[in-house]
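K.L.:
Take this structure first; my questions come after.
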Amino acid sequence: MDIALSLCIAFVWGGTVLEAIRLNTLSRKTAALIILSLLITAAISGVLVSSAVQHRTLTQLESVMNSESQETSIALSSFVADNNITMAKQVMHSELTRKDVAYVGLLDKNGKLLIEMSDEDVSGRNLIVKEQPVVYGQEVIGTLVLGFSKQYINEVVNDTLRTLVASLVELFLLLGVLMYLLLRREVIKPIRGFVSTIEQISFDDLTKRVPIHKSDEIGRLASAFNQMLDNLQRSQEQLKEPEEKYRTLVETSVSGVFMAQDGRLVF
């Protein structure tokens with residue numbers, strides 16, 4: 001309901017704007033209405049689609065984070081079981097080379113911190129923390145803590161949205177051009193021909209006809225207008241015949257001919 005109401009208000013406002021700026025040709029009005037309609041549609045589509053894309057992107061990132069946590073815990077399990085801290089640090093350090101990981105921590109089975117690594121200027125508020133048990137055999141021997149950077153995740157989401165918005169803009173621009181060209185060929189051009197023919201018609205010359213290219217409403221209107229011209233031309237020819245007879249009769253009469261009306265000589 002809110003979207004429908006917004007569209008109605010936008011079109012009413014758009015009509016007011018068209019009157020205010022006095023677009024005095026059908027071509028300009030059509031182009032302005034297409035642009036206005038596409039802008040409104042693009043804005044609504046952008047809001048709806050961006051929300052869906054943002055949710056989908058976050059869901060995919062969530063899946064990636066869970067998968068990464070599981071793979072890293074499996075890689076660490078044998079080293080933690082052997083108490084090989086050096087190799088465990090190398091595995092954890094390799095995680096920090098990823099753009100999405102900003103913190104790595106390893107706890108023993110009692111919750112004591114064994115290893116901690118992080119990027120510079122990283123705080124807990126800027127992280128999405130994932131804890132993954134480190135299992136060796138059937139026993140939980142520790143806990144892996146991965147902190148994923150919120151800044152990186154936001155950048156991924158924003159890049160996706162920017163790409164989407166750019167694609168939508170290009171799509172709507174292409175649709176706008178195609179709609180304008182189609183309307184210009186199917187509506188505006190025939191109406192221009194109609195107007196041009198009407199402007200050339202005079203009572204002394206009724207031979208002009210509106211060209212008919214289509215069988216749609218404009219074509220039927222042109223056909224009806226041409227039929228009206230045919231009837232008018234026939235009526236004009238029928239009027240000319242008695243007029244010629246009357247003129248011949250008067251000009252060849254050997255007697256004087258006059259016409260009086262209300263005591264006044266009018267002919």
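The values are calculated or read from the model by the stated rules, or taken from the named source; none is laboratory data. Quantities reported herein were computed from a predicted structural model and do not represent experimental measurements. Positions of Cβ are generated from backbone atoms using ideal geometry, with glycine treated the same way; all protein chains shown enter the neighbour counts. In case anyone asks, the SASA skips ligands and DNA or RNA and just uses the protein heavy atoms, side chains included. Shrake-Rupley method; radii C 1.70, N 1.55, O 1.52, S 1.80 Å.
K.L.:
Calculate the length of the line joining the C-alpha centroid of segment 89-106 to that of segment 160-209, in whole Å.
P.N.:
With segment 89-106 and segment 160-209 each reduced to a Cα centre, they are spaced 60 Å.
K.L.:
In debye to the nearest 20, how big a dipole does segment 107-257 give about its Cα centre with +1 on each Lys and Arg Cβ and -1 on each Asp and Glu Cβ? Don't skip to the answer; put the middle values down first.
P.N.:
Details: 18 positive and 22 negative charges, 83 e Å.
Approximately 400 debye in magnitude.
K.L.:
Here is a follow-up. What value, in deg cm²/dmol to 500, does the helix sum -39500 (n - 2.57) over DSSP H runs of n ≥ 4 give at 222 nm once divided by the residues of the chain?
P.N.:
One gets -23000 deg cm²/dmol as the mean residue ellipticity at 222 nm.
K.L.:
List, in order, the whole-Hz ³J(HN,Hα) value for each residue of segment 155-166 obtained from phi through the Karplus relation with A = 6.51, B = -1.76, C = 1.60 and θ = phi - 60°; use x for Gly and Pro.
P.N.:
Running phi through 6.51 cos²θ - 1.76 cosθ + 1.60 with θ = phi - 60° gives 5, 4, 5, 5, 5, 4, 5, 4, 4, 5, 4, 4 Hz.
K.L.:
Also: For T207, T160, give the ranking by accessible area with the largest first, probe 1.4 Å.
P.N.:
T207, T160
K.L.:
While we're here: In the chain, if every C-alpha pair distance is counted and binned at 10 Å from zero, what percent goes to each bin?
P.N.:
Result, from short to long distances: 5, 15, 14, 11, 10, 10, 9, 7, 5, 4, 3, 3, 2, 1, 0 percent.
K.L.:
Over all alpha-carbon pairs of segment 18-112, lay out the pair-distance distribution in 10 Å bins, whole %, shortest bin first.
P.N.:
12, 25, 16, 12, 10, 10, 8, 6, 1
K.L.:
Let me ask something else. Could you work out the local net charge near M117, counting Lys and Arg as +1, Asp and Glu as -1, over the other residues with Cβ closer than 10 Å to its Cβ?
P.N.:
Net local charge, M117 excluded: -2.
K.L.:
Follow-up. Sorting check: for 171-177, 129-135, which peptide has the highest mean count of neighbouring beta carbons within 10 Å, and how do the rest follow?
P.N.:
129-135, 171-177
K.L.:
Find out how many positive minus negative residues lie around A81, taking Lys and Arg as positive, Asp and Glu as negative, among other residues whose Cβ is under 13 Å from that of A81.
P.N.:
Result for the local shell: -2.
K.L.:
K112 versus L181, label points 7 Å from Cα toward the beta carbon: distance in nm?
P.N.:
Here the answer is 7.5 nm between the modelled labels.
K.L.:
Something else now. What's the local net charge at V195, with K and R +1, D and E -1, over the other residues with C-beta under 13 Å away?
P.N.:
Summing Lys and Arg as +1 and Asp and Glu as -1 gives +2.
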